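In what follows, a structure is listed as structure tokens, so that the remarks can point back to it.
What follows draws every value from the coordinates through simple rules; no lab data is involved. Keep in mind that what you see is a predicted model, and the values were worked out from it rather than measured. Cβ coordinates were reconstructed from backbone atoms using ideal geometry, including for glycine residues, and neighbour counts include every protein chain displayed.
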Amino acid sequence: MQLRHAFQTAPSPAGAIQYGNNPQAGRYADAGDEKIYYELYGQGEPLVVLHGGNLGSTYEMAGFIDKLSESYQVIAISTRGHGKSEIGSVPFTLEQRANDALAVINAVTKENVTVLGFSDGAYSGYMLAGMYPDRVKKLVAIGAGEMRPGPSTFNLTSESVFSLDRPYWEQQLTLMPEPHRADEFFAKMSDFYNQLTASKELFHSIQCPVLVVVGERDQNAHLSTVIAAYYMIPNSQLAIIPNTTHTVFLENFPAVWASINPFLEEEGERIAHSSG
């Protein structure tokens, strides 16, 4: 399988594990109105990986899964409507995404977990940690800052999204359980993004240690919004990777890994900074 997307346009290397479409590692968890697809890699403490939304997929997280599976049991989740996960029947919400992730976690382990999320997946990680503090012991949130509905709106359609990367979406349609619902999926994603809110109430609810990572030139989660989130999360650390954009870990993975790995290995909790 050659997988492309707007974030990483080169075909996957020959022989690379096709994360998100690997029958040897794939499972399904019942999330109520639909089934969520996930894959398991490695052994050790459980660590959940949540990819980006819309143009994101489990495969974009390949570098993390490769490294993390050396020391952890990696639970790589395909977000509702992405890859092999079903779309379901209800509107997309951040709470729903957290509950989808929890359904997978409960299917795999009774332990509390570490979560690493990018963009859409980072917002899901924030909500998961806030709603279920007894299940999340650490969170790495990449490219996700303070967010409120604003004057600009999303109006995603098959035509507009396919124009960004047709080979990727043609490939994604082969994975989707219900490809005929693609337009419905884009409409649900538009509604989700137009209503997405991540503010003081959510950030103050997060009890676990959080590492917030952002590219200095992130065009989606602007640096000022990420720094604002950092100050609102009681027990947080901040890593700014110079001269990178939203896809910071695809642009400079060594720098991102050098920031994340010490945080994952830390024992205990830091002294909380004053949050605003």
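Put in line by how crowded their Cβ is, counting other Cβ atoms within 10 Å and starting with the fewest, ASP100, ASP66, ASP183 read ASP183, ASP66, ASP100. Nearest 20 debye, what's the magnitude of the dipole of the chain about its Cα centre given +1 on Lys and Arg Cβ and -1 on Asp and Glu Cβ? Roughly 100 debye, rounded to the nearest 20.
For the chain, take the convex hull of the Cα atoms, compute a quarter of its surface area, and give me that in nm², please. Let's see the in-between values first.
Details: hull surface 53.7 nm².
Averaged projected area of the chain's Cα convex hull equals 13.4 nm².
If you average over every viewing direction, what projected area does the convex hull of the Cα atoms of region 221-265 give, in nm²? Result: a mean projected hull area of 3.4 nm². Treating each Cα of region 89-229 as an identical point scatterer and summing with the Debye formula, the log10 of I(q)/I(0) at q = 0.10, 0.19, 0.21 Å⁻¹ comes to -0.38, -1.22, -1.33.
Given 10 °C and 1.306 mPa s, compute D for region 60-149 with the Stokes-Einstein relation, Rh being the Kirkwood radius over Cα pairs; round to the nearest whole µm²/s. Mind showing how you got there, number by number?
Values: Rh = 13.7 Å.
For the chosen part, D equals 116 µm²/s.
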